[in-house]
1. For L15, work out the one condition from (1) under 27 Å from T173 (Cα atoms); (2) within 16 Å of the chain's Cα centre (by Cα) it doesn't fulfil.
2. Between A176, A161, A197, which is crowded, with 16+ Cβ neighbours inside 10 Å and either part of a helix (DSSP H, G or I) or small (G, A, S) (or both)?
3. Any idea how many residues of region 211-226 are over 12 Å from the mean Cα position of the chain (by Cα) and surrounded by fewer than 22 Cβ atoms within 10 Å (Cβ to Cβ)?
4. Suppose we filter S116, S169, S153 for residues that are in contact with a Gly (Cβ under 6 Å, 6 or more places away or on another chain) and at pLDDT below 95; which single one remains?
5. Going by the conditions given, is S126 of a type in the set (S, T, Y), more than 22 Å from L16 (Cα to Cα) and either loosely packed, with under 11 Cβ neighbours inside 10 Å or within 23 Å of the chain's Cα centre (by Cα) (or both)?
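The values are calculated or read from the model by the stated rules, or taken from the named source; none is laboratory data. Note that this is a predicted model, so its numbers are computed, not measured. No Cβ is skipped: glycine too gets one built from the backbone with ideal geometry, and neighbour counts run over all protein chains shown.
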Amino acid sequence: MLTINLFNGLVYGALLVVMCSGLALIYGLRRVVNFAHGSLYMLGAYLGYSIALQTSFWVALLAVPLVMAVLGVLLDRYGFRLLQDRDPLSVVLVTFGLLLVIEDFVQTVWGKSNLSVPAPAALSASVDLFGTPVPAYRLAVIGAGLLVALGLSLWLRYSRAGLFVRAASTDPTTTAMQGVNTDLLSAGVVGLGTALAGLAGVVAAPFLSLSPSMSSDVIIDSFVVVVVGGLGSLAGAFVAAMVLGMIQALGAVYLPDTAMLLPFLLMVAVLIWKPAGFAGSRT
């Protein structure tokens, strides 16, 4: 039983890694607390559902992040860029309004009923894990989280664009003075962050029920991860996502009456111990 609970914690933590990476990237560069991120995750899941019905899950896994990336670029160009000189409360209100618009759009197109996406046939079997059978698809979710974490870390550390992102997240004015097109860079980062939200939605679809409330179910945990990890810190978000995944999985079994409070207790404890989060505010 403990093995299964720990495994489920890893699965949920890996999903949060994919989800929160985009949220941390966008905040790190745009300094935008994007309340609409959960609804973008939900939209990605529903788009994946429709594409998978017409083609296959694998096509949806490739197509949805591309569509969401385009949406993210438009969101940056006609949303975040226009709001960059406004006070933070205005930006929060706009992103919250966008959340409501996307939720209404999803309900209008797909309805309010719960939907499900079958796992691809290649990953529908069970795998023996230390004597315990576990779904192969959930192992693939863990693999997806690891690939996203590794890919983003290598990109930020070793690529030229990653260097620009790290520089602009620290001092956008000086970075722009060095000849970097920070508006184009920001559009790319918001597009990438939105694509990751869509990818998380597609990955979650085969093992989580699709409903219009799924955005609110994950966005709270996502913000806990970003705050606990350190605002704008990808490394901190990775660690916090895995810790929160374990706490959620074990709490649901051993402390069911207080399981809903555990993420907030974790956030309060970390902020008291280290107000900047696990990794401060570095990207």
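1. Failing condition for L15: (1).
2. Numbers: A176 fails: crowded, with 16+ Cβ neighbours inside 10 Å; A161 fails: crowded, with 16+ Cβ neighbours inside 10 Å.
The unique qualifying residue is A197.
3. The total comes to 5.
4. On the way: S116 fails: in contact with a Gly (Cβ under 6 Å, 6 or more places away or on another chain); S153 fails: in contact with a Gly (Cβ under 6 Å, 6 or more places away or on another chain).
Result of the check over S116, S169, S153: S169.
5. Values: of a type in the set (S, T, Y): yes; more than 22 Å from L16 (Cα to Cα): yes; either loosely packed, with under 11 Cβ neighbours inside 10 Å or within 23 Å of the chain's Cα centre (by Cα) (or both): no.
So S126 does not fit the description; no.
For (1) surrounded by 21 or more Cβ atoms within 10 Å (Cβ to Cβ); (2) under 19 Å from F7 (Cβ atoms), each residue gets a yes or a no:
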residue: F238; (1), (2): yes, yes
residue: A241; (1), (2): yes, yes
residue: M246; (1), (2): no, yes
residue: A252; (1), (2): no, yes
residue: T258; (1), (2): no, no
residue: L261; (1), (2): no, no
residue: L266; (1), (2): no, no
residue: K274; (1), (2): no, no
